[in-house]
Amino acid sequence: VQLQASGGGLVQPGGSLTLTCAASGTVFSSRSAGWYRQAPGKERELVAYQYANREIKYGDSVEGRFKISRDIAKNSLYLQMSSLTPEDTAVYFCRLMVGAISHWGQGTLVTVSS
């Protein structure tokens, strides 16, 4: 199983960005998957998570600004981010549960700065 996260970059405060996590060797369909982030000097935290039953949980700091979704046909997971602030600066990781095994992507850096 390989997860490839992409879409990070430099964006100004108030801007938007969409991250993509493409899977190979398995499928997102009917599996729990989500996005996490880790800022410098901080622990990795939940950003958004979609359970296999499609229930979604968002981190408190991104609720209402970020949206998680998936495209089964493209075997990809997305994170639409809007109203970005410097506090959103972090490396963003995607995670996919295959049975009891947790798979992680390599991370993509999002920098919010003017």
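The values are calculated or read from the model by the stated rules, or taken from the named source; none is laboratory data. Just so we're clear, the structure is a prediction, and the values are computed from it rather than from any experiment. Don't worry about glycine lacking a Cβ; one is built from the backbone with ideal geometry, like all the others, and counts go over all protein chains shown. Areas reflect the complete protein model, heavy atoms only, side chains present, ligands, DNA and RNA absent. Shrake-Rupley method; radii C 1.70, N 1.55, O 1.52, S 1.80 Å.
With a sphere of radius 15 Å drawn around the Cβ of GLN50, what net charge do the other residues whose Cβ falls strictly inside it have (Lys, Arg +1; Asp, Glu -1)?
+3
Across region 71-84, in residue order, what do the Karplus-derived ³J(HN,Hα) couplings come to in whole Hz, using 6.51 cos²θ - 1.76 cosθ + 1.60 with θ = phi - 60° and x for Gly and Pro?
So the J values, rounded to whole Hz, are 10, 5, 4, 8, 6, 9, 10, 10, 9, 8, 10, 9, 6, 5.
I'm a student and want to see the number: the projected area of the Cα convex hull of the chain, averaged over all directions, in nm².
On the way: hull surface 26.4 nm².
Quarter of the Cα hull surface area: 6.6 nm².
Residues of the chain: accessible area per residue at 1.4 Å, in Å²? Please list the in-between numbers first.
Details: 5900 Å² over 114 residues.
Ligands and nucleic acids excluded, the result is 52 Å² per residue.
List the lysines whose Cα lies under 27 Å from the Cα of LYS42, skipping any in the same chain that are fewer than 8 positions away.
Candidates past the 8-residue exclusion: LYS57, LYS67.
For region 44-55, what does the Karplus curve 6.51 cos²θ - 1.76 cosθ + 1.60, with θ = phi - 60°, yield as ³J(HN,Hα) per residue in whole Hz, taken in order and with x for Gly and Pro?
Listing the rounded values in order: 5, 10, 5, 9, 7, 9, 10, 6, 4, 7, 6, 4 Hz.
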